[in-house]
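Have a look at the structure below, then the notes.
Please treat every number below as a calculation from the coordinates, not as lab data. None of the values given here were measured: they were computed from a predicted structure. Using ideal geometry, Cβ is built from the backbone for each residue, glycine included, and neighbour counts are taken over all protein chains shown.
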Amino acid sequence: MDPSQAFSMRVDDREASSPVLAALRGHPQFRIQVERLPVGDYLIDDSLLFERKTLMDLAASIKDGRLFAQAERLANAGPRGALILEGSTRDLTESRMRREAIQGALVTLTLFFGLPLLRARDPEESARLMLFAARQQRAFARGAIPRHGKRPRGKARLQSHILQGLPRIGPERAKRLIEHFGSIEAVIAADAEALTAVPGIGDAVAESIRWAVREIPAGYIPSARGFFAALHAPRTPGRRCASSP
């Protein structure tokens with residue numbers, strides 16, 4: 001990768017032993033520097049600031065009162081802040097935190113502090129989320145992601161705009177898909193083998209497109225919602241938190 005195109009990643013030194021840092025080092029797109037950050041855990045291009053918490057950390061910080069002080073600093077830091085929640089629903093069960101306490105914390109973080117919450121299963125997924133965010137930040141800055149309210153004019157631009165709503169499809173791939181298939185309808189109807197005949201569309205991209213356009217089976221719940229579904233599961237007997245936020 002061209003070094004000039006790499007993302008600057010400043011990592012708080014208290015995350016030095018984190019498996020997330022090890023996962024980040026596996027992505028050559030990042031130029032990593034470990035130092036003490038006044039706020040947050042990971043700072044990308046001085047514009048995206050992430051605080052990472054395992055779900056057990058989240059429960060502990062609710063109990064000891066640290067969570068909202070951290071959230072206030074993150075929200076007021078300057079760079080765009082977000083919170084990554086990492087772990088499985090089993091972690092929530094083991095924390096024995098009341099469902100209402102966790103729900104109250106999530107409502108406060110999102111609605112009143114304005115912090116986006118991103119879910120990750122494990123450290124590797126946390127690292128990938130930050131890489132995706134860095135790429136989207138660059139794409140948005142150069143206008144590759146159309147802003148709300150700006151509608152493309154002309155049929156070709158409109159078709160490109162629609163196709164860029166598919167996963168891993170940018171302006172160049174959208175152009176190649178239209179040139180190859182002739183219409184959006186044909187792109188949507190194409191199977192994975194036909195999609196890979198387009199230059200720049202490999203197996204992974206083709207499967208991502210097929211995943212996005214195929215019909216969702218009845219009763220299917222995306223895995224990203226598993227965390228929130230767990231909040232509504234029957235309460236596990238055990239010690240309760242003294243109060244909810």
Computed over segment 1-91: relative contact order in percent, which uses C-alpha pairs under 8 Å that are six or more apart: 28
Pair residue 197, residue 35: separation of 7 Å Cα→Cβ label points (nm): 5.3
Relative contact order, percent, segment 155-213 [alpha-carbon distance under 8 Å, six or more residues apart]: 33
Difference of contour (0.36 nm per residue) and Cα-Cα distance, residue 176 to residue 137: 11.7 nm
Mean separation of Cα contacts under 8 Å, 6 or more apart, over the residue count of segment 54-146: relative contact order %: 32
Kirkwood-based Rg to Rh ratio, segment 155-213, C-alpha trace: 0.90
Theoretical gain in end-to-end length, residue 110 to residue 77 [0.36 nm per residue, Cα-Cα removed]: 10.3 nm
Karplus-derived HN-Hα couplings along segment 93-100 (A = 6.51, B = -1.76, C = 1.60, θ = phi - 60°), whole Hz, x at Gly and Pro: 4, 5, 6, 6, 7, 4, 4, 5
Separation of the residue 155 and residue 25 label points, Cα + 7 Å toward Cβ, nm: 5.5
